[in-house]
Amino acid sequence: MSFFGLDCVTKTERELERKLRANDREYNRSFKYAKNAIKTSKYNVFTFLPLNLFEQFQRIANAYFLVLLVLQVIPQISSLSWFTTVVPLIFVLTVTAAKDATDDLNRHRSDKRVNNRKVQVLIDRKLRSEKWMDVQVGDIIKLENNQFVTADLLLLSSSEPLNLVYIETAELDGETNLKVRQALTVTGDLGDDVEKLADFDGEVRCEAPNNRLDRFAGTLTFAGQKYALDNEKILLRGCTLRNTEWCFGLVLFAGQETKLMQNCGKSTFKRTSVDRLMNVLVLCIFGFLVCMCTVLAIGNYIWEINKGSNFTVFLPREDGNTAGFSSFLTFWSYVIILNTVVPISLYVSVEIIRLGNSFYIDWDRKMYHSHSDTPAEARTTTLNEELGQIKYIFSDKTGTLTQNIMIFNKCSINGRSYGDVYDYTGQRLEISEQKDSVDFSFNPLADPRFVFYDHSLVEAVKLENPEVHAFFRLLALCHTVMAGEKKEGDDQGELYYQAQSPDEGALVTAARNFGFVFRSRTPDSISIVEMGKQRSYELLAILDFNNVRKRMSVIVRNPEGKLSLYCKGADTIVYERLHQSCSKLMDVTTEHLNEFAGEGLRTLALAYKDLDEEYFNGWKQRHHEASTELDDRESKLDALYEEIEKDLLLLGATAIEDKLQDGVPQTIEQLSKADIKVWVLTGDKQETAENIGYSCNLLREEMNEVFIVSGSSSDDVRQELRNAQTSMKPSAAENSVFLPEEKGEGVKPMKDEVVNGEYGLVINGHSLAFALERSTELDFLRTACMCKSVICCRVTPLQKAQVVELVKKYKQAVTLAIGDGANDVSMIKAAHIGVGISGQEGMQAVLSSDYSFAQFHFLQRLLLVHGRWSYLRMCKFLRYFFYKNFTFTFVHFWFAFFCGFSAQTVYDEWFITLYNLMYTALPVLGMSLFDQDVNDVWSFQHPQLYVPGQLNLYFSKKAFFKCAIHSCYSSLVLFFIPYAALQDTVRDDGKDVANYQSFALLTQTSLLFAVSIQLGLEMSYWTAVNTFFVLGSLVMYFVVTFTMYSDGMFLLLPSAFPFIGSARNSLNQPNVWLTIVLTSILCVLPVVTYRFLLIQLCPTINDKVMFKVRQAKATLPPPPRRTRIRRSSTRRSGYAFSHAQGYGELVTSGRFLRRPAIRSAGFPQVGRTTTGFSPMGRSAGYSPTGRPQNLKVSDVEVTSLQMYRTITDPPLSHT
Amino acid sequence: MVRIKKESPDRPDNTAFTQQRLPAWQPILSAGIVIPGFVLIGLAFIGVGVGLFITSRDIQVLEIDYTGTDQTSDCNKCTNPNTKNCVCTLSFNIDTLFKGPVFFYYGLTNYFQNHRRYGVSRDYKQLYGDLANFKDPSTDCAPYRLDSRNNPIVPCGSVANSLFNDTFKLYQIVNGQRNVVPFDGKGIAWWTDYNVKFKNPDVTPLQNAFNGTVKPLFWTKAVYELDFSDPSNNGFINQDFLVWMRRAALPNFRKLYRRIAEENYTNGLPAGNYSLEISYNYPVLSFNGRKKVVFSNVSWMGGKNDFLGIAYLVIGSLCVVMSVVMLIVYAKFKFPEDD
């Protein structure tokens, strides 16, 4: 990349193993590991000019103009002055360089900001505050709460018991759940003793830098002992330290070698497909140019032989110039003259148009989010028209589609549903911000952020309705949440909850607000404040959650000594375990559950049962035995759990809303109407992803089928994919045989296939790993593309990028990736367009994105309005631009046949210079900056208008060819009409008008009129500015022409302005004007006829909508629909989706608690051999092979899901 | 009370321009515009076409080729390049009055005045009377910049060098008598050429300005002695020279030689027999060129040119036809209005 980058390149003997020693900079330096400074910028002061120029001259056009410049200096060839090329070339280079420089400057700034963050480093036995960039491998650094992790660290010690630290990995994988890391005991004993830490001289041997976030292997040698290191002891750069006062870590990887940076794909120079097409066309044009010049050179040869050699009396050849040499020179002369087919102003104009359209995005108030005060931003100004061609959108889930906020929305208690607000007539009201919410002031411990609108529930609580109380008591007792009190800030002492899943947090918070405040817990007790009274429950057992059980229970003894079991779980599971006496209540509750599910809420059923002391003691005994059993412990425990969780009494159900970002379902609906396919790539669990898929309209009940791919081997996955294909398209099987026979060379684009019906596809991370293997990727892609929507869950950042790359490779379609976290960076960089959600904490995604805004639903405006317009404008611009320049140039070609192929220009040289710069520049720019076929409201009304962009209809090779044909026609008219009209004619006073200068003037005036009228035809949105530009340019032409052909200019520079008097002497002739009118009208008439007939015979979608707009002009367009999408869903969600197994154990083991750990209180450690715990968070299950425990997990998931499906799809009435 | 809400500076401005809501006229190619438009344009074109056609038809043109390739022609004797100062005579008769003013042109065909190398071969400064360029003509003039003895040529360049040098005299034969038809050679060049673009050096006598220079190689007379009869018609502002220097657009061209509008001929050339005496100097046979003389009168639309009228008529009619076709298509297929 840069000269500084060179030393990286030379050091390519790949690092196989990393060796380092703590606190020994000398030793570590000998390996030349990367420093902690990061660099995303491209240039520095010295490399800017050569590198940038080198990049710019890689553009064919720029290089071409350089060649042209050289040609023009040769006098024999030069048919135009040299400065006509130099000035625009320098202008273009400067503008582009300036833009690149500012872009890079911004990158430098952000690098600097990150590099200059401070962190405490142990140097010379003292903690010193150092900049991030100065941190080196082998340093020991101290992190404090809420700090970003500086580099990839080996955790040494922490303030928390058992050397645990809590980290948030949102920046890495998007998950906001806290994760736990634990240091080795031997290093944990170092504590925060600086002296001891400074003496620490452990040596680490570990793997070389890589991008696997979930895996780490290494050893620590300290005091002669070897300790194994795994991922659980590593803090990765990009994480944030939470709930941990301090911790110490040893830097293992720094800067570019951290896993975070290794995961960021290379930033590549993005080009739009129009750009690429333009490059191809420019090449074609060069080819065409060479052809034309060859034809003319041959013509010249023939002419020289036949005529020129005879005409030497009056036009002698220079010494030694034979006909052959003359034709050779002619070739180059025509190269210069005809260069206007690719004028350099094309590139400048394209840049200006893109810049203008980027500004529109920045300026758009409808993409400004007032809540977070963030306007939309076009961070790249070169990709606008691509926004109008998007076919695939890859979206992150958390933070992009959802707000990652869980809200306790509704509940059903004892057959009564709470949560909806009704007006006097019994009509359900839409809950909006303005509605007055329930006042929780009676409860001093209430969480002020909690809002609820149904007043009847709080009434019920106040009336001490026993079921309602039991309901909330259950919520306050049955969970694994930890409570704490804030230590700092304004709200000091305020109660806060640390929930393992946001669902659970929402439930406990709801109970808190309704007067059942969970205060604290110990491994064997839970204390809650019940309607103001402090009560302590003895916690006897936690029957923990797992994927199969889909429920959790607690067994508690209340202060009065009564034993109860409280259970919450997936409704279907809980229902199976209810007592018959509840059957009536079940029916009512089922109805409510259906209603909740229909609104996309996550539901849970709650049940309880009182236990018999005697029975429980017996059970406890058996439980103890089972948990100390060596084989088959799990199933025995399960059986025990099963035994006690039966004959439960139903209390009710809860409904939690995983709050989507505003307008997400509507946006997705709009996008799908625009024929854009949305794929969700998330690191989240399958159930969560699926549920969100339903609630944001991506998956629908009406879909014929939603395929779940979760095979655990390459063959399984392929088979599942093939099966899906056959069920979608019975004929697909035969075709698939031919599909994978792509033999390395040249990737065949895959065609879109039509299937009958709508389908969805859900695939999870490790299946995806198989699906992305070379042998399976085509099957995967084919299946995925046949489906309406695709959800990939548990994917790593790199897999996200791989999916994007796969689609890019085989589908000739434009892709867009949208995300908010660092885990989305690779995909944002890989896609044609990357969009970052801004206004949130992490900025990584935004920094590497091309566009950023605050809300997902702005995407529809970005695409359907800005993108569509940009594409339309760019295409109109290109079509018109090529037309006007081809027409201009072709006239020279025809004239050649009448001037002895002598490279005589048709027009005045000044006209040639100013044609693109002055006479036609502003009108076409005006069109490309202001044009819109229909306004934004109508664009939203008819998302189908977006489809032509995806199909490249507005500008393609075909369209270009049409342009060329049209130009050919126009140029013929433009040459031969004046030719015939001026032939042998004279002025009305008998004087000469058929001279070269008058002919030039006549032709160029006709040309200008013709192209201006043509522009008028192209333009569909005549603002005052456009009109001014068009008319102004014509006026300008006459002003400039008369000025340049005036006496004064000639007297100033006789040889530069030889056209003196031509304007006066020709343009006062009626026949000249009649010729101009005839020529320009004749150029346009066939176009009008053609277009009119086309509109009548086969109108495009644009024509139809424009026609409709016209009809509706009197009546204003209807306001955009704001109806809430209600799905008649019978689908219900399972238990707390983001919940993970293992927390119950932790809670009872007391390891979470801030007090000396008490070993095995109540229950002994069950079944786990590992220290710490391994939550099934998303860090598990990444790597495709060689991890038996992962495979086992997947098995569990498969069965659970299938179970879940079969049960939850009963033919219930649609509500 | 109106609460003034303070806007964040980051919030984009709400202007018609930034929000792309500029008021605009949005025309579309609807039948209501296109079909009547075609009819109107068609009718207008037909009207103009008829006018042009009639005007053009009324213009009289008499064109006589005198290249002399035809054995029977008197000028045949002059085709031999060795013949010097050859004079030939052409006889012709006019049946009806040739309405005046009559313009007398000479025409050349297959002559590439529009060739680039021919065209650039001149020195504008020299022709503007710049004495510096008398001594050192522009390099554009090559190979007619210096003669073999390195004397600068004035006027230099191919265009000047190839000045047309046939001269004509017209006689009306009245009762066997040859009456000279007077030619008017004044003001046949563009006013701007005569007054601005070309200028003699401010030296009197004019001849002195040309000391140390040589006349163009093909010329028999120097530029300051082109017209013996009228001393003011000499040098660069000689009318014939000016006419020649305005180079033609196409290989076949005619250039104005004289006007016939004096004495008995103010109304034109009466019917009768005429004889044209040509001093035949200009060689065109080497490049298969033709020489001709043209008598023509003019109208408001200039010289005779049938093309423009016919073109207008044809295109006008096409417009009308197309409008009918479009009307049929529109009535039959109509714009499908449903979505």
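Here is how the numbers come out for the structure above:
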item: Helix B:306-333 vs. chain B, principal-axis angle (Cα, 0 to 90°, nearest 10); result: 20 degrees
item: Rounded, prolate or oblate (a/c below 1.5 giving rounded, otherwise prolate when a/b exceeds b/c) for the stretch A:1026-1075 by Cα gyration tensor; result: oblate
item: Simple spin-label estimate for residue B:130 and residue A:230 in nanometres, 7 Å along Cα-Cβ; result: 9.1 nm
item: Accessible area, probe 1.4 Å, largest first, for residues A:275, B:70; result: B:70, A:275
item: Binned Cα-Cα distances of the stretch A:555-622, short to long, each 5 Å bin given as a whole percent; result: 3, 14, 21, 19, 15, 13, 8, 5, 2
item: Pairs from A:811/A:957; B:125/B:292; A:991/B:77; A:179/A:259; A:677/A:876; A:35/A:809 whose Cα-Cα separation, in the structure shown, is over 28 Å; result: B:125/B:292; A:991/B:77; A:35/A:809
item: Cβ-based net charge around residue A:92, under 12 Å, with every Lys or Arg adding one and every Asp or Glu removing one; result: +1
item: The stretch A:135-264 - charge dipole about Cα centre, Lys and Arg +1 at Cβ, Asp and Glu -1, debye rounded to 20; result: 340 debye
item: Mean Cβ neighbour count within 10 Å, used as a protection proxy, ranking A:528-537, B:296-305 highest first; result: B:296-305, A:528-537
item: Cubic angstrom per residue, convex hull over Cα atoms of the protein assembly as shown; result: 243 Å³
item: Tensor-based shape of the stretch A:135-264 (alpha-carbon gyration tensor, a/c under 1.5 rounded, otherwise prolate or oblate); result: oblate
item: Accessible area of residue A:628 in the full protein assembly, 1.4 Å probe (Å², nearest 10); result: 80 Å²
item: Nearest 10 degrees, 0 to 90: helix A:613-628 Cα axis against chain A principal axis; result: 60 degrees
item: Cβ-defined net charge surrounding residue B:140, 15 Å radius [Lys, Arg +1; Asp, Glu -1]; result: +1
item: Averaged over A:300-311, number of beta-carbon atoms from partner chains that fall within 10 Å; result: 3
item: Shielding by partners, peptide B:99-108 (average Cβ within 10 angstrom, other chains); result: 1
item: Summed side-chain charge close to residue A:675 - residues other than residue A:675 whose Cβ falls under 11 Å, Lys, Arg +1, Asp, Glu -1; result: +3
item: Apportionment of accessible area to carbon and sulfur, chain A, percent (1.4 Å); result: 58 percent
item: Residue-level accessible surface for residue B:99, protein heavy atoms, 1.4 Å, Å²; result: 120 Å²
item: Tensor-based shape of the stretch B:172-283 (alpha-carbon gyration tensor, a/c under 1.5 rounded, otherwise prolate or oblate); result: prolate
item: The stretch A:987-1027 versus the stretch A:279-305: alpha-carbon centroid distance in Å; result: 27 Å
item: Separation of alpha-carbon centers, the stretch B:272-309 and the stretch B:62-124, rounded to whole Å; result: 7 Å
item: Potential extension, residue A:290-residue A:937 segment - 0.36 nm per residue separation minus Cα distance; result: 228.2 nm
item: In range of the label at residue A:1055: residues from the stretch B:223-249 whose backbone nitrogen is under 20 Å from the point 7 Å along Cα→Cβ; result: B:236, B:245-247
item: C-alpha long axis of helix A:1070-1097 to longest principal axis of chain A, angle in °; result: 30 degrees
item: Highest average packing first - A:849-855, A:885-891, Cβ atoms within 10 Å; result: A:849-855, A:885-891
item: Per-residue average of Cβ from other chains inside 10 Å of B:189-195; result: 5
item: For a label point 7 Å along the Cα-to-beta-carbon line of residue B:169, residues of the stretch B:207-243 with backbone N under 17 Å; result: B:227-230
item: Two-site FRET efficiency, residue B:8 against residue A:44, from Cβ-Cβ distance with R₀ of 51 Å, rounded to 0.05; result: 0.90
item: Full-extension gain in nm, residue A:90 to residue A:57, via 0.36 nm per residue minus C-alpha separation; result: 10.7 nm
item: Net lengthening on full extension, residue A:1100/residue A:613 (0.36 nm per residue, minus Cα-Cα); result: 167.5 nm
item: Area of residue A:956 that stays accessible when all protein chains are in place (1.4 Å probe, Å², to 10); result: 30 Å²
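The values are calculated or read from the model by the stated rules, or taken from the named source; none is laboratory data. Worth saying up front: this structure is predicted, and the values here are computed from it rather than measured. Counting neighbours? That spans all protein chains shown, and the Cβs are built from the backbone with ideal geometry, glycine included. Side chains included, ligands, DNA and RNA excluded: accessible areas come from the protein's heavy atoms. Shrake-Rupley method; radii C 1.70, N 1.55, O 1.52, S 1.80 Å.
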